[in-house]
Amino acid sequence: KKIAPNPIMFLLGASRQPDDAKDILVCQPSARSIVFRDNLKRAVKAVDNLEDNDAVDDNDSVGSDYDQDDLVRSSRNIRASIRGSIRRSGLTRQESIRHLEDVVDSITKGINDLANSMVPELSDIDNVSGRDIELEGFHVTNVKPLPRLELNANDSVFEPLLESGASGEIASEWTEAEKEVFLILKNQKACVKTIKNSGTDWNDFLEKFQTSLIKEERVSHFPSQHDDIPPHGEIFPFNSFVTSTSLLPELGQKMRCYGQLPAYSIGLVFALPQYSSSGKDTEDEVARRTKTWSWPPGYFAKTEFNVERGRLINGREEALVPLSKIREYNHEYVYKEDHWIAGKLIKGGFNVVPYNEIFLRVGGCSRIVGQKDCASGEERVDEKGTGRSFDRGVGLPVALFVRTNKISDLMALFRIRARISNVFSDKHIQGIPLLLISNEIGVRVFTDSLQQQFLKLVAHKVNPFQNPMLKPLTTVDGYKESSIRQKMEELIQLEKNILHSLTYKECARIAGGFGVTDDSLAFILKHAMIHDQNTNKSHKVQDVVIEGLTFAVRSGDYYTARQLLILYTFVASHSEGYEVGSLGSAATYSDTTLLKIRDRENLSLSLPLPSPPPPLDTDRLRRATNSNGLLAVIGAAQILKAMKDGSARSRTDESCEAIEEWIEYGEKSMAFRVDSWYDQLVAQGDSHIATAKDSNFLAFVSSKAIENRKSFAHKLRQAAPKDNFYDVRFLRVINDILDNMHSPCLRLELLQYVLSLDNRYSVTLVRRSIELAATCMSISA
């Protein structure tokens, strides 16, 4: 045989890579190249040495020259490494010296023989320039992120939204709810509230609609008109409470909302009760009686500090103005040059007017559109006491709004809508209008057709992103339960009209990059599978899943990637119908029961043996990320693929043969074991193998390494029966092996090889991948 030069042979040398070179990805080509990497390393060094000298003739004794150089170099390197390893083992100095002398004597004696016996390839070299047989080595590449898309969400805007409602008139294509909310904003019959994006502000606010905060001692001793009113009856299904809002000028012009951008980018619109001019009470009288307080722009009431036992203190009562006066001021801000601000006339006015404050009771009744309850369809009329009121509450928000047309803020608006729908239930929120409200341009309506345009833009040109407030709190290595719950609540529900207007791949990109509900994603996958069934030998469903996973990698989202793999398995194994609700949330669903069943003989009688879904090609994605969570998902997909296509079986057989051959050598020579230890130590640095710590030298001097590898080979052989590789029994064997791994190096590499994983997969990552693969198998049972 002749050996061809390897373009990456420097990785097989003894030098370590820099500590910060963490983006090396290594895929081993064969089990023997892992077990006997010293063989390859010496061969590559020798060939490299020959090429450098460029002076070899047919009569040269290549082996003897190499052996002599290698003896000096290897003895020096190994001696230094042994000394360091022994010191780290905790032995005393005298014990360390004694151990060092014992093993070095054996190594010095055996190293020359090893150099000859372990490099049989070199013995056949006749003409270096004519060699044409490649030596198997490692396939190495750098981890390279996917190329970025055209638009950054924080710096880009959605221009078409600026044209919707720019005329100030109602458009015929708007829904009834959109027309109604546009009209009440135009007539100053609605209040708005902005809420801080970060922290728990949205959680706290939405929770108030569900939970009354009345304190018993306060009710009995200091009752207040501002106490919460718990839900009661079908008409008032929600808790009502008071909160600070603002009454904007006509169509939101000139007045800025509470809070600075970008911290307060999303808000809610609440419709005010309607009072007939012929009624016995005017709006101002009812507001005064119910203590629906209002202060003019520029006056900071700070009610959280200036309300005591239901009464205003510190001059706040003297500063009150009626709602009718607030509207007069608002009209002047838009149409007159001089403005009244905080009780003073400002000549020339302002371009932007500060917000006013309305202390308003919200909640109580449901969302009302066209005098009907959106959830029940029952009539709800303010004058009859079945609708909105200042004393019972003005109900749920009638619209959501965003303050800019930045893509990041518009996507946040989608997520808030999904979250509110989860809190209040979809029947109360379905069809709620989405708006843009800005003091510069007024009100714009974010219609269904514009939403479709926006999602198409996002799917093709926008770099996907997670909620930046949740991203650091929802990693696979550390998370908060409340943050995970919020992330699940924010999954976007793609309505049927949107699902039908977007392509399968566009929907998948939104699902992977931004997150959609299980129902939405299952609908996409199911219809892609139907397409495959109708067009023979098509693989659209796999393409859709890969497209979704690609965008999950772009956004670094472990949960959407997990959701894609689980629902793909579910839909692929339930072709006659599916109900994803049984999974709870696919993004967090886990079922490793199949890994824990120990009665292997009766397994086929106790449970069905599901097979993996059609394989997914995730090689490109694996090279594009270093995220532990995403690697676990991609690893699970790769494991299922290796089981499905039979590669796991052939690699298992090959690994067993290689490790048994190593055991045979190891039992005969301690020098061989020590040399293998040193080679393993070097490989851990060169290839960045994901081990918890370096190989234990004393395990190789003693018989511990042999025992570990015998046990490993024995358990791996248990997976060898032909039919085991295609069902969960194979995963169970691998899981059992992982349970007994404490400080694995070679064994871990062989598992990586068997499962078609790379060097970054630590025991923890392999286990996560196995568990997710088992979860997918349990779904297909």
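So which residues in the range 458-470 are touching a Ser or Thr at 6+ places or on another chain (Cβ under 9 Å) and either polar (S, T, N, Q) or touching a residue at least 12 places away in the same chain (Cβ under 8 Å) (or both)? Reasoning before the result, please.
Within the range 458-470, the subset touching a Ser or Thr at 6+ places or on another chain (Cβ under 9 Å) is 459, 461-470.
Listed by number, the residues that qualify are A459, K461, V462, N463, P464, F465, Q466, N467, M469, L470.
Any idea how many residues of the range 731-755 are more than 20 Å from A705 (Cβ to Cβ) and over 29 Å from the mean Cα position of the chain (by Cα)? Result for the range 731-755: 1. Checked against (1) at negative phi; (2) touching a residue at least 40 places away in the same chain (Cβ under 8 Å), L434 meets all criteria but (2). For the range 317-336, a residue qualifies if it is part of a loop (DSSP other than H, G, I, E, B) and either more than 23 Å from R256 (Cα to Cα) or open to solvent by 60 Å² or more (accessible area, probe 1.4 Å) (or both), and the qualifying residues are E317, E318, P322, K336.
Here is the figure for the range 259-292: residues that are touching an Asp or Glu at 6+ places or on another chain (Cβ under 8 Å) and either within 12 Å of S244 (Cα to Cα) or of a type in the set (S, T, N, Q) (or both) total 4. Out of the range 473-516, which residues are within 21 Å of I634 (Cα to Cα) and outside any helix (DSSP H, G or I)? Scanning the range 473-516 gives T474, T475, V476, D477, G478, Y479, F514, G515, V516.
Annotation note: Cβ proximity below 6 Å between a residue of the range 644-657 that is under 14 Å from L750 (Cα atoms) and hydroxyl-bearing (S, T, Y) and a residue that is surrounded by 21 or more Cβ atoms within 10 Å (Cβ to Cβ) and at pLDDT 90 or above (sequence gap 6+ or interchain) occurs for T652/V754; S655/V754. Within the range 301-316, the residues that satisfy the criterion of being open to solvent by 10 Å² or more (accessible area, probe 1.4 Å) and touching a residue at least 40 places away in the same chain (Cβ under 8 Å) are T303, V307, R309. Can you name the residue in the range 243-262 that is outside any loop (DSSP other than H, G, I, E, B) and over 25 Å from E304 (Cα atoms) and is also farthest from the chain's Cα centre (by Cα) among such residues? Step by step, filter the range 243-262, then rank; the result is E250. Just so you know, in the range 396-434 the residues that are out of contact with any helix residue (DSSP H, G or I) (no Cβ under 7 Å at 6 or more places or on another chain) and assigned to a strand (DSSP E or B) include one that is most open to solvent (accessible area, probe 1.4 Å), and it is K406.
No other residue among T569, T503, T475 is open to solvent by 10 Å² or more (accessible area, probe 1.4 Å) and over 26 Å from K456 (Cα atoms) apart from T475. Scanning the range 480-500 for residues that are without any contact (Cβ under 8 Å) to a residue 24 or more places away in the chain, open to solvent by less than 20 Å² (accessible area, probe 1.4 Å) and closer than 22 Å to I530 by Cα yields nothing.
Restricted to the range 232-268, and to residues there that are in contact with a helix residue (DSSP H, G or I) (Cβ under 8 Å, 6 or more places away or on another chain) and under 16 Å from T404 (Cα atoms), the residue that is most open to solvent (accessible area, probe 1.4 Å) is P262.
The values are calculated or read from the model by the stated rules, or taken from the named source; none is laboratory data. In this text the structure is predicted, and so the values were computed from the model without any measurement. Every residue, glycine as well, gets a Cβ built from its backbone with ideal geometry; the counts of neighbours run over all protein chains shown. What goes into the accessible areas is simple: the full protein's heavy atoms, side chains included, and nothing from ligands, DNA or RNA. Shrake-Rupley method; radii C 1.70, N 1.55, O 1.52, S 1.80 Å.
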